[in-house]
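Accompanying notes for the structure given below.
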Amino acid sequence: MNRLAVLLLSCAALCSAFPTTQKGDLEVSNEDLAEKYLKQFYNLKPGGPVGRTKNKNPFVEKLQQMQKFFGLQVTGKLDDKTVKMMQKPRCGVNDIGAYTTVSKSAIWPTTDLTYKIVNFTPDMAQADVEYSIQRALKVWSDVTQLTFTRVYQGDCDIEIQFVVGDHNDNSPFDGPNGLLAHAFQPGKGIGGDAHFDDDERFTKNSQQYNLFLVAAHEFGHSLGLFHSSDPGALMYPNYPQTDPNQFQLPQDDINAIQSLYGKTSDPIQPTGPTTPTQCDPNMVFDAVTTLRGELFLFVNRFVWRKHPQIVEPELIFIQTLWESLPNDIDAAYENPITGEILAFKGTKFWTLDGFEVVQGARSITKLGFPKNVKAIDAAVHVESVGKTYFFVGNKYWSYDEDKQAMDEGFPKFIAKGFPGIRPTIDAAAYYKGLLYLFQGTSQYEYNVESNRIQRVLRANSWLDC
């Protein structure tokens, strides 16, 4: 045997002795995560990591179903956004369902329901747990004719327990930062019961995981609601990044629960916030600002994040990006000198450095506003003139960032300083040398140098609409 043949045989032996890694560890880990996720929440049948059959790939089909549910780009591939969505803490109930509610025949036969707290989490004082549960049930009784009465022994409709791991209901928990809780649809026995994973850390404040928010979601299941694909809904599967003290039951959830149990008897029917949709022609922005080349457009408790190199804008809870920033802010602008953002609500303002709130609420009087100014309608820094403009009603102020003081002679009338612009201005932004002034569903593209309106556009044109 010649030397070349020996060399080739030696290489073959070495290759067979050590298995070749065709996929990286991260890719394999993501596939394992996806397979487990799709089995649990989308009824993927066992059959290997891709579950191939002769004519179709069930793994890809279920992955596409999951991507569609969460409003992701339906690729059938494990892209970064899909993996990140699967990694988020969430409810343990699956997302499969033809409707958002059970059928009317499967709801509780009475509107007077009972509940029992079997045990308590050591994370919180017992009184705080009791209050969180009571408040979570009240979310649903406020918008229907349902009532909830606590019992301390005997049978009840909704039994509440804090458990860990496998707790004998065929739906084991998985430890910290995964499945937070689950609940069962109305019915006898375990029906209606709610279980909370005591491996999680439950709180009464805005830190994860707020028991009130988790419980309110689970009691929706106890009453017959499935998961909603509306990212702003309480019945959305993932844990909500929202301030529990500012919580209002969204309209999507109100509609769903009232379809099962009817409306409250109150003469004034409750309404809740709705989730903005990208090309809603009636969308009105609360505030608009740039941040390091990106554009952020605020609407109620959400912000649209628009990156110049990414086609699709991203809708995010404000408090996902800035945990201590309130919802429904009035105005915001980026200071190019410091790189910070100032965000305003009422008579207060906050200072943001990137996605960190570096200074909490301070009075706008520190910027030079008189005490009779109760809110800022819009704010923008115009680099071409080196001034920050604040709009309030039919007037505007000019602020010098270097001197950190208001310019003399202000406020002035908007109609005088910006011919053709009528009050009131909802939001403002300076982008690529032009000023954009938002009013209702329209915006004015304004040339500061020529002092005139160049174009009138739809307000949501920034969202590729």
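The values are calculated or read from the model by the stated rules, or taken from the named source; none is laboratory data. Everything numeric here is computed off the predicted structure, so don't read it as measured data. When we count neighbours, we look across all protein chains shown, and the Cβ atoms used for this are built from the backbone with ideal geometry, even at glycine. What goes into the accessible areas is simple: the full protein's heavy atoms, side chains included, and nothing from ligands, DNA or RNA. Shrake-Rupley method; radii C 1.70, N 1.55, O 1.52, S 1.80 Å.
Tabulated data
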read-out	value
Checklist (1) outside any helix (DSSP H, G or I); (2) surrounded by 15 or more Cβ atoms within 10 Å (Cβ to Cβ); (3) touching a residue at least 24 places away in the same chain (Cβ under 8 Å) applied to F410, failing item	(3)
Considering residues of the stretch 437-456 that are outside any loop (DSSP other than H, G, I, E, B) and under 17 Å from T290 (Cβ atoms) only, the residue farthest from the chain's Cα centre (by Cα)	Y446
Flag for T149 being in contact with a Gly (Cβ under 9 Å, 6 or more places away or on another chain), of a type in the set (V, I, T) and modelled with pLDDT of 95 or more	no
G178 being at pLDDT below 95, under 24 Å from S105 (Cα atoms) and either open to solvent by 10 Å² or more (accessible area, probe 1.4 Å) or in contact with a Cys (Cβ under 8 Å, 6 or more places away or on another chain) (or both)	no
Residue, nearest to I425 (Cα to Cα), within the stretch 259-287, restricted to residues that are polar (S, T, N, Q), more than 22 Å from the chain's Cα centre (by Cα) and surrounded by fewer than 17 Cβ atoms within 10 Å (Cβ to Cβ)	Q269
Residue match in the stretch 183-192 (condition: of a type in the set (V, I, T) and assigned to a loop (DSSP other than H, G, I, E, B))	yes
Y399 more than 32 Å from the chain's Cα centre (by Cα), touching a residue at least 24 places away in the same chain (Cβ under 8 Å) and closer than 25 Å to I318 by Cβ	yes
Search result, residues across the stretch 206-246 that are without any contact (Cβ under 8 Å) to a residue 60 or more places away in the chain, open to solvent by 10 Å² or more (accessible area, probe 1.4 Å) and over 25 Å from G187 (Cα atoms)	Q207, D230, N245
Hits in the stretch 297-313 - residues which are over 21 Å from L72 (Cβ atoms) and in a strand (DSSP E or B)	F298
Members of the stretch 382-399 that are over 19 Å from R422 (Cα atoms) and open to solvent by 20 Å² or more (accessible area, probe 1.4 Å)	E383, S384, V385, G386, K387
Of all residues making up the stretch 196-205, the number that are in a strand (DSSP E or B) and either touching a helix residue (DSSP H, G or I) at 6+ places or on another chain (Cβ under 8 Å) or open to solvent by 10 Å² or more (accessible area, probe 1.4 Å) (or both)	2
